[in-house]
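Contents: one structure, followed by commentary.
The values are calculated or read from the model by the stated rules, or taken from the named source; none is laboratory data. All of these numbers come straight from a predicted model, not from anything done at the bench. Cβ sites come from the backbone with ideal geometry, for glycine too, and all protein chains shown count toward neighbours. The protein model used for the area step is the full one, side chains on, heavy atoms only, and it has no ligands, DNA or RNA in it. Shrake-Rupley method; radii C 1.70, N 1.55, O 1.52, S 1.80 Å.
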Amino acid sequence: MSKLFLVPTPIGNLGDITIRALEVLGSVDFILAEDTREAAKLLRHHGIKSPLRSHHMFNEHRTVDGVCSRIMKGERAALISDAGTPGISDPGYLLVKHCIKNNIPVETLPGPTALIPALVNSGLPCDRFCFEGFIPSKRGRNKRMEALENETRTMIFYESPFRLVKTLEEMAERFGSEREASVSRELSKIYEENVRGTLTFLADHFRDKPPKGELVIVVAGKKIHH
Ligand code: SAM
């Protein structure tokens, strides 16, 4: 039965894969993976033998039609990314869009993603939030920051450890140095760390102690004055 599954994989801790994710990966005709070597390790670990095909941002425009036509002929495919949920700052969107256009059923399994634990762990309001992914490092950076100056929802950003301090400093300038925020590093891994405080405090903290690994920045929204 034709179908595309999007299957979340662990963001660090190998235990974070659902029983259903393993069942789906084991039962599909082929698995599309961002990095087939990394994916092969994960699949081997779980004794899964479904064939792997490469699918990443540099070839997805070329391969998407071929993938859709295989599924339309009756095959079942799964898409995984290097970590977390496909489509979230990772390839996925293009394939989902093409499948929907071709009336192919799409099913995304719930599972690991870095933004949700970072948000919930931040201690900042999680009733309303917006996910901003990676802010551009050059062109469009100022515009994006400016557009967020009046944002009242909690904001979530992905950032590289090399740009963290610069980004926190710019945010302190834009949103105010006393704005509350949180940085979650190495979520679900041995050296997981969550640091909370004002944007200035966090910039100072990570200037003194340059961060390593992967991280998420969560920033409180602008206070609404009634
Ligand atoms: N698809 C992934 C997801 O669902 O979260 C995101 C992929 S994106 C290419 C990678 C970014 O996600 C990292 O630069 C970091 O900002 C964040 N990230 C991924 N794993 C993380 C972890 N274990 N701890 C903190 N941040 C993480």
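Given the options Arg153, Arg163, name the one that is open to solvent by 30 Å² or more (accessible area, probe 1.4 Å) and within 16 Å of the ligand (Cβ to nearest atom). Reasoning before the result, please.
Numbers: Arg153 fails: within 16 Å of the ligand (Cβ to nearest atom).
After ruling out the rest, the residue left standing is Arg163.
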Subset of the range 36-66 (residues that are surrounded by fewer than 16 Cβ atoms within 10 Å (Cβ to Cβ) and not in a helix (DSSP H, G or I)): His46, Gly47, Lys49, Pro51, Ser54, Met57, Phe58, Asn59
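If I ask for residues that are open to solvent by less than 60 Å² (accessible area, probe 1.4 Å) and part of a loop (DSSP other than H, G, I, E, B), which ones from the range 67-87 would you list?
Step one: of the range 67-87, the residues open to solvent by less than 60 Å² (accessible area, probe 1.4 Å) are 67-69, 71, 74-81, 83-87.
The answer is Gly74, Glu75, Ser81, Ala83, Thr85, Pro86, Gly87.
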Residue pairs meeting the criteria (Cβ under 6 Å; at least 6 apart or on separate chains; first of a type in the set (S, T, N, Q), in the range 19-37; second surrounded by 15 or more Cβ atoms within 10 Å (Cβ to Cβ)): Thr36/Leu52; Thr36/Ser54
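For the range 168-187, what are the residues that are hydroxyl-bearing (Ser, Thr, Tyr) and either open to solvent by 30 Å² or more (accessible area, probe 1.4 Å) or touching a Cys at 6+ places or on another chain (Cβ under 7 Å) (or both)?
The first filter runs over the range 168-187 and keeps only residues hydroxyl-bearing (Ser, Thr, Tyr), leaving 177, 182, 184.
Matches in the range 168-187: Ser177 only.
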Failed item, numbered, when Tyr158 is tested on (1) within 16 Å of the ligand (Cβ to nearest atom); (2) open to solvent by 80 Å² or more (accessible area, probe 1.4 Å): (2)
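With the requirement that a residue be of a type in the set (A, V, I, L, M, F, W, C) and under 10 Å from the mean Cα position of the chain (by Cα), what does the range 60-97 give you?
First pass over the range 60-97, keeping only residues of a type in the set (A, V, I, L, M, F, W, C): 64, 67-68, 71-72, 77-80, 83, 88, 94-96.
Within the range 60-97, Ala83, Ile88 qualify.
Hey, among Phe206, Phe129, which residue is of a type in the set (Phe, Trp, Tyr), more than 10 Å from the ligand (Cβ to nearest atom) and closer than 25 Å to Pro8 by Cα?
Working: Phe206 fails: closer than 25 Å to Pro8 by Cα.
Result: Phe129 is the single residue among Phe206, Phe129 that is of a type in the set (Phe, Trp, Tyr), more than 10 Å from the ligand (Cβ to nearest atom) and closer than 25 Å to Pro8 by Cα.
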Residue in the range 116-129 that is assigned to a strand (DSSP E or B), farther than 17 Å from Val7 by Cβ and in contact (Cβ under 8 Å) with a residue 12 or more places away in the chain present: yes
